[in-house]
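Enquirer: Structure below; questions to follow.
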Amino acid sequence: MTIVQFILLGAAMFSVGLYGVLTRRNAVLILASVEVMLAAVNVNLVAFDVYLADQASTGQVFALFVIALAAAEAGIGIAIVLMIFRNRHSADVDELDLMRY
Amino acid sequence: MSVGDWLSELANWVFLLLAIPTLVASVMVVSSKNVVRAVLYLVIALAGTAALFLMLGAEFVGWTVVLVYLGAVIILFLIGIMITRAPLTKSVELSEPMSAKVPAALLSFLLFGVVAWAVVQSFDSKVIPLPDEATRTAELGYSIFTSWVIPFEVVSFVLLAALIGGIVLARQDPATPVEQPR
Amino acid sequence: MVASALPLLVFIQENHEEVHAGDGGTLAEFAWLIPVVPMVMAFAILFFGKFSPWKGWGMATAALGFVAVYGIVLTVVNLQDGIVTQSAIDVGQIGIFTIEWGVVVDGLSIMMFFLVGIVGFLVFVYANGYMRGDPRYTWFFASFTLFAGGMLVLVSAPNLIQLIVGWELVGVASYLLIGHYWEDLENVDAANKAFMTNKVADAALFLGAIVMAASAGTFNFAEIFERMIGGETDLATLGFWAGLLLFIGAMGKSAQFPFHVWLPDAMAGPTPVSALMHAATMVTAGVYLLARLFPFYQLPEFAGSLNTIIVIIGAITLFFMGLLAIVQDDIKRVLAYSTVSQLGYMVAAMGVGAYSAGLFHLFTHAFFKGLLFLGAGSVIHAVHSNYMKDMGGLRRYMPVTFWTFLIGTAALVGLFPFAGFWSKDEIIASAYFNATENAEAAAWFMVALSIAGAFITAFYMMRALSLTFFGTYRGTVEPHESKSIMTIPLILLAVGAAFTGLLNIPGLTSVFTGWVTTRAFPIMEHHFDAPDILLIAIVTPVVLLGLGAGWLLWGPQRELVHTTIGETDDISAPERQTTVERPTYSVPVLTPILVNKYYIDDLYMNALVRPTMGPIADATVWVDDHVIDAVPNLVALGSKQIAEAVVVIDTNAVDGVYHAAAGLTGATGRFLRLLLPGNVHQYVALSFAGVVAIVALFIIF
């Protein structure tokens, strides 16, 4: 197993997630796309950790942190989406244009 | 290494077996017209990554993915979808119109292209030396609580903040009278 | 005067150090209070008079009372020991001249303190009654007290500067008081006339003071005399001009011909003012000046032939002004011309060197002329009119006024033993002595006119007396005697008029002479050992003739009674209207001349006043507007142009910078606004682009 295949997988998933963030209108789906991007990052980290046979398993530790933070961020993100929905009765981000000139 | 050589290894077939669904699922996440299906595709994508972790011997990380992501975050997303009254059937309103999708797609391809080219240039055929046994959780734990204790504490703070913040943000406004059932 | 000039000068040079007099001690040390108290009180009345119980009268009379008492005490001490002292404080320095302010306490100034204090006090008491009900009561007393203060500053001045200050102060007070009833334009004109006439004379006064001080190098009198005698001055050459100019100044204040025109018009002021200022004190300031400078005037080396001029002017004034009193119907004007005439006596006396005689006449005149004016005021107050055609027979209604007026008249005309007899006769005697000793034509002129003047004085006073107090009452208002606050001063002044003559009987008492010659410099004059019987024998019948002629022409027996029967329906009781009048006599050429006051007023009006008011005033205004104001106008115009230019620069350049900056900021804002759309996706795209850029930077560098 080469390292390249994992990096390519990670890059692909990251790009797909980016496409999703830029494209999706539903706020929850944007957050889902962000999860995809974070998953891609995790793949990359763990792959490198195993590739480099790190004694301190730095990559895996980092991946754990990323997972924890991703969970926290998803939680806050959903809370915010809920608040916005309460206010605007819509989860469509294109309707959040009050700051537009 | 050529593609033929690569394909001759059994591990690489397993890799493909896991990676392709993961990739396809993530593409479906970003392009499905059904909200619920998009979230479920996310489940598949995340599960795929967990399996890949297991394959690499990072057992703890893999099972953590299953527990946290698939056990909690996905539930959260589903709750979010339900509360925001997302259309539960097919809907075209979930994505930007084509005029926005094209530049985004171009950007994504560009990003992938650049990274792929750079990576291939650098790492060409370097092989991952799979360890004989999986990463020991005890070593992982030891590493967290000695080398990485400070980030660990910081992350715990962040989680605490997220916990409190989530509660504060999402609760009902106390001034708003809640309708009492008579 | 003395026989020849040289011994006098030498005598004085040798003897002037030996002045036998004390220095007055503490009394003289505090003599500076005498002018200061009334001056301060004048301002106190101005500010606080309205709140005081007597509305300022009490304060004013208290100040004069203080001066009177102090004056009496100083007089007593002076008569015993003699006081000759002066004290001064330095106020400033101009070049070589030191300006001082102080008091001279010697016989002459003590005499003036006494006079101003006593006569002033009595007049102030009288004025309480006379001015009652006047709307500007407090202001009147403030100005009157200011006058008293100014007069005292004048007579206590140790130098020419302070004398001029006092001179001007009394001039201002005179202006204010003559114009007291300023509602009538006539009164305002009179005040202006007095002030202007005095001002013209004052120009000469200033010049004279400057010439004298420049020649002597100092303004201080004592020092001027010292240096003069020591030969350190230019007064031998310039003395004539200095003395002449100073005399012209004196002529203005003392109403000598041709500066006499203001005094009769000054009768427009209230009677107490006429009594005190225009009879007793202010007008005597000119005579005082001559007396103060007598050490200079008595020396022909310095004064030259000035004395001749002084005598002639005095004599002319004496006689011709007396003539004018004959044709006046206003009782105050009769007394005014009489005053001018008597001032002529005093000035002429100074001219013939009769120093103490002239001052004695000043002294007695203050008493009897003040008395006569107050009496006239009493009469005017009773009949509500100044004119004798509204009077008559008042001796029955106003006995006190009548008897005091009678005593005053007797004193004025010079009947034995009243004051005027002694003082006037002394003057005539001195003039006669001078005439016979020096064979000066001017002195003979003076003698002749004095004797004629005595006749005239008696003539017009008898006319006035008879028209006012004898015969039938011709007025409309029921007359009654004045209140005691007015009659008591009359009585007291009458006592003075009666008995002050005894102060200086030639050969018997020379109290007054001793009094006023107690000075730092010896006064050389002839002392008479006995009254000149010859002169008395000539003058007394002349006076009696005058009185008789007056009685003959205007006595009550000359009354004309016109009875007219008015129209009425009742034929048994016809209405009788009776008018009484006294005859008016008209001499073909003389009367018009006299009535028009020798046309002098007309001359001044047409030659001086109208040209100044008209063309000269207009020309001055034109010059002021176009020439003098041209500079400030140009400056203003220039400033305006500069201001406008500045505005343009400000609006365009300076503000332009601001506008440009604001515009730039606005444009930048508008541009930057476009970077942050409200679209979430674009935010993400932009931030991602930023991240990529940073990463790229890291990689490349």
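Each reported figure results from applying straightforward, stated rules to the coordinates on display, with no laboratory input. Owing to the predicted nature of the structure, the values given are computational and were not obtained by experimental measurement. Every residue, glycine among them, receives a Cβ derived from its backbone with ideal geometry; neighbour counts consider all protein chains shown.
Enquirer: Just check segment C:326-461 against the gyration tensor rule for me: Cα atoms, a ≥ b ≥ c as the square roots of the eigenvalues, rounded for a/c under 1.5, and otherwise prolate or oblate depending on whether a/b exceeds b/c. Before the final figure, lay out each step's value.
Expert: Working: a/c = 2.82, a/b = 2.25, b/c = 1.25.
Because a/c hits 1.5 or more and a/b exceeds b/c, segment C:326-461 counts as prolate.
Enquirer: Using label points projected 7 Å from each Cα along Cα→Cβ, tell me how many nm separate B:Val14 and C:Phe47, to one decimal.
Expert: Reported label-point gap for B:Val14 and C:Phe47 is 11.8 nm.
Enquirer: Also, quick follow-up: Tilt of helix A:3-23 relative to the longest C-alpha principal axis of chain A, in degrees (0 to 90, nearest 10)?
Expert: 0
Enquirer: Could you give me the ³J(HN,Hα) list for segment C:685-691, computed from phi with Karplus coefficients 6.51, -1.76, 1.60 and θ = phi - 60°, whole Hz, x at Gly and Pro?
Expert: With the stated coefficients, segment C:685-691 comes to 4, 5, 5, 4, 4, x, 4 Hz.
Enquirer: Let me check I've understood the local charge: for B:Val27, count other residues with C-beta under 15 angstrom from its C-beta, Lys and Arg +1, Asp and Glu -1. What total comes out? Before the final figure, lay out each step's value.
Expert: Working: positive: A:Arg24, B:Lys33, B:Arg37, B:Lys101; negative: A:Glu35.
After counting each charged neighbour, the total is +3.
Enquirer: Given points 7 Å out from each Cα along the Cα-Cβ axis, report the A:Met99 to C:Arg610 separation in nanometres with one decimal.
Expert: 9.8
Enquirer: Using the Karplus equation 6.51 cos²θ - 1.76 cosθ + 1.60 (θ = phi - 60°), what ³J(HN,Hα) coupling, rounded to whole Hz, does each residue of segment C:487-500 give in order, writing x for Gly and Pro?
Expert: 7, 5, x, 4, 5, 5, 5, 5, 4, x, 4, 6, 9, 5
Enquirer: Once both axes come from the Cα atoms, what is the angle between helix C:33-48 and the longest principal axis of chain C, in degrees from 0 to 90, rounded to 10?
Expert: 60
Enquirer: Place a label point 7 angstrom from the Cα of C:Val165 along the Cα-to-Cβ direction, then list the residues of segment C:39-59 whose backbone nitrogen is under 13 Å away.
Expert: C:39-40
Enquirer: How would you classify segment A:3-91 from its alpha-carbon gyration tensor, with a ≥ b ≥ c the square roots of the eigenvalues: rounded for a/c under 1.5, else prolate if a/b is greater than b/c, otherwise oblate?
Expert: Note, shape of segment A:3-91 comes out oblate.
Enquirer: Arrange the peptides C:626-633, C:439-446, C:132-139 so that the one whose residues have, on average, the most other Cβ atoms within 10 Å appears first.
Expert: Descending mean neighbour count gives C:439-446, C:132-139, C:626-633.
Enquirer: Determine the dipole magnitude for chain A: charges of +1 sit on the beta-carbon of Lys and Arg, -1 on that of Asp and Glu, nothing else is charged, the reference point is the Cα centre, and the result goes in debye to the nearest 20.
Expert: 240
Enquirer: Something else now. Once you've got the Cα coordinates, tell me which of C:Lys332/C:Lys424; C:Lys193/C:Lys389; C:Lys199/C:Lys389 are over 25 Å apart.
Expert: The pairs that break the limit, which is 25 Å between Cα atoms, are C:Lys193/C:Lys389; C:Lys199/C:Lys389.
Enquirer: Would you mind computing the Rg to Rh ratio of chain B from its alpha-carbon coordinates, Kirkwood style for Rh?
Expert: My calculation of the ratio gives 1.05.
Enquirer: Something else now. Rounded to the nearest 20 Debye, what is the dipole magnitude of chain C about its Cα centre when Lys and Arg each give +1 and Asp and Glu each give -1 at the C-beta?
Expert: Once rounded to the nearest 20, the dipole reads 1440 debye.
Enquirer: Shielding of A:84-96 by partners, i.e. mean partner chain Cβ atoms within 10 Å per residue?
Expert: Mean partner-chain Cβ count within 10 Å for A:84-96: 4.
Enquirer: Right, something else. Please find the FRET efficiency linking B:Ala161 to A:Arg86, where r is the Cβ-Cβ separation and R0 is fixed at 25 Å, and quote it to the nearest 0.05.
Expert: FRET efficiency, B:Ala161 to A:Arg86: 0.70.
Enquirer: Once you average over the residues of B:111-119, how many Cβ atoms of partner chains fall within 10 Å of each Cβ?
Expert: Taking the mean over all residues of the peptide, I get 5.
Enquirer: Right, another one. Over chain C, what is the relative contact order in whole percent, taking alpha-carbon pairs under 8 Å and six or more residues apart?
Expert: Relative contact order of chain C: 13 percent.
Enquirer: Also, I was wondering about something else. Given points 7 Å out from each Cα along the Cα-Cβ axis, report the C:Thr308 to B:Leu70 separation in nanometres with one decimal.
Expert: Label-label distance for C:Thr308 and B:Leu70, simple model: 15.4 nm.
Enquirer: Local charge sum around C:Pro295 (other residues, Cβ-Cβ under 13 Å, Lys/Arg +1, Asp/Glu -1)?
Expert: On the way: positive: C:Arg227, C:Arg292, C:Arg519; negative: C:Asp106, C:Glu223, C:Glu226, C:Glu301, C:Glu525.
After counting each charged neighbour, the total is -2.
Enquirer: Among residues other than C:Val647 whose Cβ falls under 14 Å from its Cβ, what is the net charge (Lys/Arg +1, Asp/Glu -1)?
Expert: Counting the neighbours of C:Val647, the net charge comes to -2.
Enquirer: Another question, if that's okay. In a GNM of chain B with a 10 Å cut-off on Cα contacts, which of B:Thr146, B:Thr64, B:Thr89 has the highest mean-square fluctuation?
Expert: Answer for the Gaussian network model of chain B: B:Thr146.
Enquirer: Oh, and also: With runs of 4+ DSSP H residues as the only contributors, calculate the mean residue ellipticity of chain C at 222 nm using -39,500 (n - 2.57) per run, divided by the residue total and rounded to the nearest 500.
Expert: Taking each H run of at least 4 residues, the total per residue is -21500 deg cm²/dmol.
Enquirer: Hey, another quick one. Does chain C come out rounded, prolate or oblate by the C-alpha gyration tensor, with a ≥ b ≥ c the root eigenvalues, rounded set by a/c under 1.5 and, if not, prolate when a/b is larger than b/c and oblate if not?
Expert: Verdict is prolate for chain C.
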